[in-house]
Structure formats: structure tokens, C-alpha cells
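Here is the structure we will look at, set down as C-alpha cells.
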Amino acid sequence: MSYTVFATIPVKPEHMEAAAQAVASIVPATRAEDGCLIFEPRRAADGSSTIMIFEEWADRDAFEFHHAQEYTKDVFAQYEGWLQSPPQLVEVRSLEG
């Protein structure tokens, strides 16, 4: 069974562009990972400084592998001063079963 996560990343307004670029920079490498099924980062349409990422992985191990990659660690390190509060990760499941 796949492992699916919805991440909400609250960014300080003055760092939103840099944060969006940092996340966008890892999209190709992330999507190329063997266990990545879906990795869709989005910016909040209401103008708030929030990044949301819908992620689906083959399994929890694939998700953890992603977070162990240097490019992912680099983005997290950049976030340290950019975030309003810690990212919220919520595991989600399909309504269809």
C-alpha cells in the first residue's frame, strides 16, 4: 500500500519567493526517485505565504529515502529561518478504500 502525505509549509512572507524556488528546484530529482508516485508542490491561491505539497510514495521507506537525500536536507536547512512555524505533515488515505 502506498504512503501518502499532505504537507503544509507556513513561510514568512518575506521569504516566500526563496522558499518556493527552493522547493521547485528539487521537483525533478524528487520525481525521479524510484518510490515517488506523486510530488505536487503548490502555492496557496489566497495569497498567503503557504506552500502545500501532495506526496504519494510507494511506501514509507520511499518517503524516508526522499528525506535522506542531500537535496531534500539542503531545502530543510534553508527553511530554518524562513518558516513561521514547523511544517505540518498529515498522512492521508483515499476515500475510495
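Only the coordinates and a few stated rules stand behind these numbers; no lab work does. The model shown is predicted, which means the values in this text are computed figures rather than measured ones. Ideal geometry is used to build each Cβ from the backbone, glycine not excepted, and the neighbour counts take in all protein chains shown.
The table for this structure:
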item	result
Virtual spin-label span in nm between Val5 and Tyr71, 7 Å along Cα→Cβ	1.7 nm
Size of electric dipole in region 13-97: Cβ of Lys, Arg +1 and of Asp, Glu -1, about Cα centre, debye, nearest 20	200 debye
Most mobile of Gly47, Gly81, Gly35 in a GNM of the chain (Cα contacts under 10 Å)	Gly47
Within the chain, longest stretch clear of exposed GluC sites (Glu not before Pro) (DSSP loop, no more than 12 other Cβ within 10 Å)	1-79
Choice from Asp59, Asp46, Asp74 with maximal GNM fluctuation in the chain (Cα, 10 Å cutoff)	Asp46
Environment charge of Ile53, counting only residues whose C-beta is closer than 15 Å and scoring Lys/Arg +1, Asp/Glu -1	-2
Vicinal HN-Hα couplings computed from phi for region 37-44 (Karplus, 6.51 cos²θ - 1.76 cosθ + 1.60; Hz; Gly/Pro x)	9, 8, 9, 10, x, 9, 9, 4
In sequence order, calculated HN-Hα J values of region 58-73 (Karplus, 6.51, -1.76, 1.60; Hz; x Gly/Pro)	4, 6, 4, 4, 5, 4, 5, 4, 4, 6, 8, 6, 4, 5, 6, 4
Alpha-carbon spread of the chain, three principal axes, descending order, Å	39, 31, 20
Charge context of Met1, other residues only, Cβ under 14 angstrom, K/R +1, D/E -1	-3
